[in-house]
1. Report, ordered by the first and then the second residue, all pairs with beta carbons closer than 6 Å, sequence separation of six or more or different chains, a first member in the range 101-117 that is among the hydroxyl-bearing types (S, T, Y), and a second member that is assigned to a loop (DSSP other than H, G, I, E, B).
2. What number of residues in the range 84-117 are of a type in the set (A, V, I, L, M, F, W, C) and more than 10 Å from the chain's Cα centre (by Cα)?
3. Restricting to the range 20-42, name every residue that is touching a residue at least 24 places away in the same chain (Cβ under 8 Å) and in a helix (DSSP H, G or I).
4. Residues of the range 72-99 being among the hydrophobic types (A, V, I, L, M, F, W, C) and open to solvent by 60 Å² or more (accessible area, probe 1.4 Å), which ones?
5. Go through the range 53-93 and count every residue that is modelled with pLDDT under 85 and not polar (S, T, N, Q).
6. Tell me which residues, restricted to the range 30-49, are modelled with pLDDT of 70 or more, surrounded by 11 or more Cβ atoms within 10 Å (Cβ to Cβ) and over 19 Å from Y96 (Cα atoms).
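The values are calculated or read from the model by the stated rules, or taken from the named source; none is laboratory data. Quantities reported herein were computed from a predicted structural model and do not represent experimental measurements. All Cβ positions, glycine included, derive from the backbone under ideal geometry; neighbour counts span all protein chains shown. These accessible areas exclude ligands, DNA and RNA; they are computed on the full protein's heavy atoms, side chains included. Shrake-Rupley method; radii C 1.70, N 1.55, O 1.52, S 1.80 Å.
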Amino acid sequence: MANRGPSYGLSREVQQKIDRQYDPELEQILVRWILAQCGSCATPPEPRLLLGQVLCRLINSLHPRGQGPVAKIQASAMAFKQMEQISQFLQAAERYGIAATDIFQTVDLWEGKRLGS
């Protein structure tokens, strides 16, 4: 992730609007739901590195056992593999019925940007 200095003018206003969309209380509710849905598989030691695995387990848990849309969940800490798994989750989420306009972008989640989405 690149280091960025402070934003000014319109860039600052846009960033502030994006930041206001993030709700830490909602995040806690979602984390509790994911833990309840996935159990201990959702508590990785380093959340960002294993985020793709957790999301894939989450989407698979919403389907009957053995019929999850992500066939292979890889236990890799390599960034491109984790981003690939986040992409697999996003594709499965669309097939599950979530509108593409309501889904975040892989890179936004990976870099911790636009967390409100």
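1. From the range 101-117, the pairs are S117/F104.
2. Restricting attention to the range 84-117, the residues satisfying the condition of being of a type in the set (A, V, I, L, M, F, W, C) are 86, 89-90, 92-93, 98-100, 103-104, 107, 109-110, 115.
Still in the list and also more than 10 Å from the chain's Cα centre (by Cα): 92-93, 98-100.
So the count comes out to 5.
3. We begin by selecting, within the range 20-42, every residue touching a residue at least 24 places away in the same chain (Cβ under 8 Å); these are 20-23, 27, 34, 37.
Across the range 20-42, the qualifying residues are R20, E27, I34, Q37.
4. Here is the first cut: in the range 72-99, the ones among the hydrophobic types (A, V, I, L, M, F, W, C) are 73, 75, 77-80, 83, 86, 89-90, 92-93, 98-99.
Answer for the range 72-99, where residues must be among the hydrophobic types (A, V, I, L, M, F, W, C) and open to solvent by 60 Å² or more (accessible area, probe 1.4 Å): A75, A77, M78, F80, I98.
5. Keep residues of the range 53-93 that are modelled with pLDDT under 85, which gives 74-79.
Next, from what is left, pick out any that are not polar (S, T, N, Q): 75, 77-79.
Looking only at that region, the number is 4.
6. Answer for the range 30-49, where residues must be modelled with pLDDT of 70 or more, surrounded by 11 or more Cβ atoms within 10 Å (Cβ to Cβ) and over 19 Å from Y96 (Cα atoms): V31, L35, G39.
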